[in-house]
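K.L.:
Quick one: the structure is below, and I'll ask about it shortly.
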Amino acid sequence: MQLVDARRLTGPNLLSRSPQVLVELAFDVADDLQAALATYSTELGRMRKALDLPDCPALNVRAHRGGAVIGYDAAIDVMLACAEMSEWAALSACELAAGRIALPLEPKRLEIAQQLERDRSPRLLALDAEAARRGIPLFWDDEEVSVGAGSRSACWPRGALPIAADVHWDRLGTVPISLVTGTNGKTTCTRLLARIAREAGMHVGSTSSDEIAVGGAVIDTGDWTGPAAARAVLRRKDIDFAVLETARGGILRRGLAIAECDAALITNVSDDHLGGYGIDDLEAMMRVKAVAAEAVRPSGTVVLNAHDPKLVALAEGLRPRVVFFADLSREDPEARAVIARHRASGGHCVLAEGGRIVVASGDTRRSITEFGAVPITFGGAAGYNVENVAAAVAMAGALGIGDEAIVRGLTSFNPSDNPRRGELLERRGVRVLLDFGHNPDGIRAVMRLVRSLRADSPGRLTVIAGAAGDRTDPDIEAVARAVLDAEPDRVLLRDLQGYLR
């Protein structure tokens, strides 16, 4: 048995709806889960007793193919000290599992006691309790604490918090908050929804795997899909609408930043990023993505892809309203049946049908616009963007944005507004299509667009490709097959320095 990591999950996560202190263990063939849990619990209890803390809290456990993830609730002011405590307990349990003696309490006990003394914050706990009573979000990290969201928020340094009674609570509240997750299409849907919201007159803050943007202007670049990025946007007083791309890594490493949101979109769940953090198969990945859907308040909306059976099954257990989207030009009778059942029960759907984006419920239908008016669909040839458009329309409608603003957003959003996601350039008679497709499904979708673009002028096809080194050999082989299936004339393989093994 080995300790992989000890960390804090500061919001809803795969183990619980509440913040968790977590340890991740890797098991050898001979290791037993129940024995490991008992030993870890005993060692954690030994340290807690030495620190005059209550008995070991109830453990939340998720076993997986190579080990287990173990977490428990802790007060938000002392989670860092509790993580240190848990790391010590896990290391001591590993020593015992290997037939050696347990770790001594000192000097770790003194170190943790000093940290507990430094970190305890009755004011933080009081702010958290009062915010919860009023239904107002509170966001915290090691540097800052904020109450409310966007234009209706206030923020203080962690070491200079006000007394709860002195806070002007009547000035605080929240703004519409939406989460976008899935395997493919997250960034496109995030950018498209942000554009639609701006057309509706909103001051929008968004996060994605490329940037943080406020009001359409990029304020920071990089992979900003975790809770730190979400907090950075939600603390800005110049936004009144938030669209937060939420990747599986942030959920697994730190949890969500928010306890509740107004709407969530899951684009799809396919074979990508498996093997890390004990996520070994699509069922486990589905549970990760579902964390975003479960954060939607009961009066909110979850938007799901009717072409994904895993998402259709997820819909049955959700409290909020569900809106399905689908491209009915695809040969997918199961998705058609899902849509028919949902409409028959009074549910809403957004459909790509007959070259148009249509909103449908029961026997009623209304057309939003035709594919030809939406540049990123390439007249419908970019099938993956047809679905992304339908998903963004469903989210916009769920958040109360009217059709006129939706149409303005769709028709003004060009491939150049979505860099490296179906971005088409031409240089000296050579057409260059840039796309972030990095898994087999994503690459196949791009190659279908390539075939359409080459229909009137075949020419030679060159593919330049790279793959992240944290994927397994079979994953990389599947990417290679997807490239070769397009029958390119030439393939150039590119090393990406930040992604080497």
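The values are calculated or read from the model by the stated rules, or taken from the named source; none is laboratory data. These figures come from a predicted structure and were not determined experimentally. In this analysis, Cβ positions are derived from the backbone assuming ideal geometry, glycine residues included, and neighbour counts consider all displayed protein chains. When the accessible area is computed, the model is the full protein with side chains, heavy atoms only, and any ligands, DNA or RNA have been set aside. Shrake-Rupley method; radii C 1.70, N 1.55, O 1.52, S 1.80 Å.
K.L.:
Given only helices, namely DSSP H runs of n ≥ 4 each adding -39500 (n - 2.57), what is the per-residue ellipticity at 222 nm of the chain, to the nearest 500 deg cm²/dmol?
P.N.:
Details: 14 runs with 175 residues, N = 501.
Theoretical 222 nm ellipticity from helices: -11000 deg cm²/dmol.
K.L.:
Could you give each residue of region 324-341 its phi-based ³J(HN,Hα) in whole Hz, using Karplus coefficients 6.51, -1.76, 1.60 with θ = phi - 60°, and x for Gly or Pro?
P.N.:
The phi angles translate into 9, 10, 6, 9, 6, 7, 6, 7, 8, x, 5, 5, 4, 5, 4, 4, 4, 5 Hz.
K.L.:
Can I ask one more? Under 5 Å between amide hydrogens, which residues at least 5 positions from residue 236 or on another chain qualify, with H placed 1.01 Å from N in the peptide plane?
P.N.:
Here the answer is 150, since their amide H atoms fall under 5 Å of that of residue 236.
K.L.:
Could you compute the net charge surrounding residue 298? Neighbours are other residues with a C-beta less than 14 Å from the C-beta of residue 298; K and R count +1, D and E count -1. If you can, show how the numbers build up before the last one.
P.N.:
Details: positive: 17, 297, 319, 321; negative: 260, 262, 294.
Net charge around residue 298: +1.
K.L.:
Here's something else I'd like to know. Taking the Cβ of residue 368 as the center, what net charge do the other residues with Cβ under 15 Å away carry, scoring Lys and Arg +1 and Asp and Glu -1? Mind dumping the intermediate values first?
P.N.:
Working: positive: 195, 356, 365, 366, 408; negative: 199, 327, 353, 370, 387, 403, 404.
Taking every other residue near residue 368 into account, the sum is -2.
K.L.:
So what J values fall out for region 78-88 if you push phi through Karplus, 6.51 cos²θ - 1.76 cosθ + 1.60 with θ = phi - 60°, rounded to Hz, Gly and Pro as x?
P.N.:
10, 5, 5, 5, 5, 5, 4, 4, 5, 4, 4
K.L.:
Probe radius 1.4 Å, ligands and nucleic acids ignored: give me the carbon and sulfur share of the accessible area of region 213-298 as a rounded percent. Don't skip to the answer; put the middle values down first.
P.N.:
Details: 1430 of 2890 Å².
After summing per-atom areas, the C and S share lands at 49 percent.
K.L.:
Another question about this same structure. Check each of the trypsin sites (Lys or Arg not before Pro) in region 301-369 and keep only those in coil by DSSP with at most 15 other C-beta atoms within 10 angstrom; list them in order. Write down the numbers at each step before the final one.
P.N.:
Working: sites: 310, 321, 330, 336, 341, 343, 356, 365, 366; in loops: 330.
Sites meeting the loop and neighbour criteria: 330.
K.L.:
So for each of 479-491, 372-384 I average, over its residues, the number of other beta carbons within 10 Å; can you give me the resulting order with the highest mean first? Numbers along the way, then the final one.
P.N.:
Working: 479-491: 14.6, 372-384: 20.5.
Highest to lowest by the protection proxy: 372-384, 479-491.
K.L.:
While we're on this one: Go from 0 up to the bin containing the longest alpha carbon distance in region 185-226, width 5 Å each, and give me the % of pairs per bin.
P.N.:
6, 27, 34, 23, 9, 1
K.L.:
Cα centroids of region 130-150 and region 214-243: how far apart, whole angstrom?
P.N.:
For region 130-150 versus region 214-243, the Cα centre distance is 16 Å.
K.L.:
Each residue of region 224-236 in order: what ³J(HN,Hα) in whole Hz does its phi give by Karplus 6.51 cos²θ - 1.76 cosθ + 1.60, θ = phi - 60°, with x for Gly and Pro?
P.N.:
Values per residue, Gly and Pro as x: 10, 10, x, x, 4, 5, 4, 5, 4, 6, 5, 8, 7 Hz.
K.L.:
So for the chain: antiparallel DSSP bridges make up what percent, rounded to the nearest 5? Could you put the intermediate results ahead of the total?
P.N.:
Numbers: 50 of 81 bridges.
That works out to approximately 60 percent antiparallel.
K.L.:
Given a 1.4 Å probe, how much area per residue of the chain is accessible, in Å²?
P.N.:
On the way: 22530 Å² over 501 residues.
Value returned for the chain: 45 Å² of accessible area per residue.
K.L.:
Scan region 87-122 for trypsin sites (Lys or Arg not before Pro) in coil per DSSP, keeping those whose Cβ has at most 10 other Cβ atoms within 10 Å, and list them by number. Show your work: numbers first, answer last.
P.N.:
Working: sites: 100, 108, 109, 118, 120; in loops: 100, 120.
Here the sparse-neighbourhood loop sites are 100.
K.L.:
Pop out the carbon and sulfur fraction of the accessible area of region 369-501 as a percent, whole number, probe 1.4 Å.
P.N.:
On the way: 3630 of 7210 Å².
The computed percentage sits at 50.
K.L.:
A further question on this structure: If you average the alpha carbon positions of region 285-314 and of region 104-126, how far apart do those two centres end up, in angstrom?
P.N.:
First find each Cα centre; the distance between them is then 38 Å.
K.L.:
To continue, here is another question. How many angstrom lie between the C-alpha centres of region 428-477 and region 29-76?
P.N.:
46
K.L.:
Give me the mean projected area, in nm² to one decimal, of the convex hull enclosing the Cα positions of region 403-454. Mind showing how you got there, number by number?
P.N.:
Working: hull surface 18.7 nm².
Across all orientations, region 403-454 yields a mean hull projection of 4.7 nm².
K.L.:
Continuing with this model, one more query. Residue 224's amide H: which non-local residues (gap 5+, or another chain) put their own amide H closer than 5 Å, with H modeled 1.01 Å from N in plane and none for Pro or chain starts?
P.N.:
208, 209, 210, 211
K.L.:
Something else about it: Over region 330-434, what is the relative contact order in whole percent, taking alpha-carbon pairs under 8 Å and six or more residues apart?
P.N.:
Once divided by the residue count of region 330-434, the mean separation gives 16 percent.
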